[in-house]
Structure formats: C-alpha cells, structure tokens
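**Q** Before I ask anything, let me first share the structure, which is written out below as structure tokens.
The values are calculated or read from the model by the stated rules, or taken from the named source; none is laboratory data. Just so we're clear, the structure is a prediction, and the values are computed from it rather than from any experiment. All Cβ positions, even for glycine, are placed from backbone atoms using ideal geometry, and neighbour counts span all protein chains on display.
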Amino acid sequence: MRCAIVPLLLILALFAPLAAAHAVPADFAIDPFSEPLSTEGETSTLIIFDYRCSGMSTNGSEEGMGARFLVSSAPAWVEARVEPEAVELPACEGIGRATATLVASAVEDAVAFDPGAIEVTARWATSGFELDSVARVEVVGAWRPAIVVDIPEPTRQEKAQTAAFFPVTFTNAGSGLTKLSFEVLSKGESLQAVVPNPVILQGRGHPQAIVSIPFAIQTPYRNGPMDEVGAVTYRMTPSMPLDPTQRGEPQEFTLTVHTEGFYVPAAAQFFGALAVLGLAAALRSAGRRR
C-alpha cells in the first residue's frame with residue numbers, strides 16, 4: 001500500500017498549482033526572421049507568449065504576474081537581445097498574451113556564418129512559483145562577398161616556347177562560402193592562356209578563406225628572333241556555391257608577358273639535322289674517293 005501512495009502524492013504535488021489561480025504557459029513561440037542576419041544592420045522578429053490565465057481553474061488570474069525573456073543560446077556569429085526583457089502579465093480570464101521583440105545581427109568579425117538557432121527562455125512567475133519555457137528560431141547569415149586580389153608580379157619576362165606562371169592570391173574578406181569562377185576576356189594572338197578551375201573559399205577569418213592560384217600563360221611557339229609583349233586579361237566572378245544566381249561584383253586583372261631572345265629548333269631537331277648533314281658529307285667524300 002505504501003508503494004502506491006508515493007506516486008499518488010507526486011501526482012498531487014504536480015497538479016496542485018494548476019488548480020489555483022496561477023498562470024501556466026499555453027504557447028511560447030518566435031516568428032521566423034524575414035531575412036538573413038547581416039553585419040550591416042539589425043533584424044527583428046516577434047516573440048509571442050500565450051498563457052492560461054488561471055491554470056486549470058475557471059477563476060480569474062492573480063495580480064502582479066510577469067515574465068522575463070533571456071537569450072539563452074545563439075551561434076557564435078550572432079548578437080541577439082530581447083526588447084523589453086521583462087513584461088507584465090495582466091490579470092485575465094481564459095488565455096492571455098504577452099509579446100516582445102527579438103533583435104539580432106551578425107557579428108562583423110565572425111569567422112563563419114553557419115546556420116543555427118537562437119533560443120530564448122521565458123521565465124514566468126506568479127506568487128506561488130517560477131518556471132521556464134524555451135522557444136527557438138532558425139537563423140542564417142546573409143551572404144556578402146568581398147574578394148581581395150593580390151598579384152605580386154603582374155609582368156614577367158620569359159623565353160619562347162615556355163610557360164610563364166603568375167601566382168595570384170585571392171582572399172575572402174566577406175561572409176559565407178564563396179565560389180570563384182574564372183574566364184579569359186582577351187589575350188595576345190600569339191599567347192595561350194590556361195583558365196584555372198573554380199575554387200571555393202570559406203568566410204573571412206577562416207584558414208581556408210585564402211588561396212593562391214598559379215595562372216599559366218604559354219609564350220609564343222616559334223623560332224627565330226623575338227621581342228614582343230603580350231597580355232591576358234582575366235575576369236573573376238564570386239558567387240554563392242549553393243545558389244549560383246547569387247553573384248558578387250566581378251573583378252578583372254591583367255597579366256603581361258615579355259617574350260625576348262633568339263630561338264632555334266629544339267636540341268633533338270638541331271643535332272638530328274647535324275647528323276643528316278654529316279652523313280651527306282661522308283657519302284659525298286666516299287663518292288669522290290671512288
């Protein structure tokens with residue numbers, strides 16, 4: 001008999017407050033943000049706290065009830081607060097409602113803007129007790145490309161029939177994953193340009209937010225005296241990897257090659273020609289001796 005009484009006492013203890021004129025939560029929710037969070041301004045959304053005015057009873061609620069709102073967790077790249085932090089819960093019958101505003105923005109120097117959630121705790125109190133309820137809302141960071149292009153050596157001098165390599169460094173100073181695509185806009189007629197494959201950079205501050213790419217340009221493939229200058233102009237376009245329609249401002253840069261010197265056929269061809277000439281001379285000499 002004693003074992004059966006203990007659970008019954010626990011049940012009575014849990015439901016005893018609900019029979020009194022105390023508010024209990026009916027619904028606690030946060031409306032979705034209408035847009036991604038940005039570093040360039042704040043975005044807000046509505047917090048809705050509905051409560052049963054007098055628990056399980058039909059009586060009106062007591063006076064002096066209130067609720068406090070606290071941002072209990074958020075991604076590292078998010079700054080968030082609730083306005084106001086505390087609200088009164090007016091005396092009522094049936095269902096009462098209190099509202100507040102969740103204000104959030106992205107941190108300027110955040111390393112990454114990975115999707116996450118903000119959790120808000122509502123601590124609601126009556127004269128009898130104090131309890132917590134938690135609501136959450138999903139957040140994503142606004143994509144903002146800002147690519148810095150660094151070319152230590154935009155002009156090189158090379159021989160003919162060689163590849164000139166130009167290391168170019170790209171740094172993502174913006175937020176979120178960014179895909180870089182390349183194309184050739186113009187080039188000298190006698191030059192051949194290799195277009196690098198697209199690359200994806202992490203957001204600002206991440207170790208993978210920087211990449212150095214060797215751009216290769218093939219100098220003219222012909223023999224004889226040469227002294228000419230040719231250039232290749234590239235275009236780099238940043239875009240969002242998961243949504244290619246989202247693009248940043250394209251940037252153009254030019255790499256210049258000065259091809260200079262006097263060139264003869266390749267060594268194998270040269271010595272092959274000498275061997276042929278030598279053989280011809282030997283045959284002529286043998287013919288004269290006969």
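For every residue, the table says whether it meets (1) modelled with pLDDT under 90; (2) under 30 Å from Val107 (Cβ atoms); (3) hydrophobic (A, V, I, L, M, F, W, C); (4) within 31 Å of the chain's Cα centre (by Cα).
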{"site": "Gly141", "(1), (2), (3), (4)": "yes, yes, no, yes"}
{"site": "Thr171", "(1), (2), (3), (4)": "no, yes, no, yes"}
{"site": "Leu177", "(1), (2), (3), (4)": "yes, yes, yes, yes"}
{"site": "Pro225", "(1), (2), (3), (4)": "yes, no, no, no"}
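**Q** Working only within segment 123-142, note down all residues that are in a strand (DSSP E or B) and surrounded by 14 or more Cβ atoms within 10 Å (Cβ to Cβ).
**A** Arg123, Trp124, Ala125, Leu131, Ser133, Ala135, Arg136, Val137, Val139, Gly141 - these are the residues of segment 123-142 that are in a strand (DSSP E or B) and surrounded by 14 or more Cβ atoms within 10 Å (Cβ to Cβ).
**Q** Pull up segment 60-95, narrow it to residues that are among the hydroxyl-bearing types (Ser, Thr, Tyr) and over 17 Å from Ile48 (Cα atoms), then point me to the one that is modelled with the highest pLDDT.
**A** Among residues in segment 60-95 that are among the hydroxyl-bearing types (Ser, Thr, Tyr) and over 17 Å from Ile48 (Cα atoms), the one modelled with the highest pLDDT is Ser73.
**Q** Inside segment 214-232, can you point out the residues that are on the phi < 0 side of the Ramachandran plot and either surrounded by fewer than 16 Cβ atoms within 10 Å (Cβ to Cβ) or of a type in the set (Gly, Ala, Ser) (or both)?
**A** Across segment 214-232, the qualifying residues are Pro214, Ala216, Tyr221, Arg222, Asn223, Pro225, Asp227, Glu228, Val229, Gly230, Ala231.
**Q** Would you mind listing the strands (runs of 3 or more DSSP E) fully within segment 143-262 where at least 1 residues are in contact with a helix residue (DSSP H, G or I) (Cβ under 8 Å, 6 or more places away or on another chain) and of a type outside the set (Phe, Trp, Tyr)?
**A** Counting at least 1 such residues, we get 163-172, 199-201.
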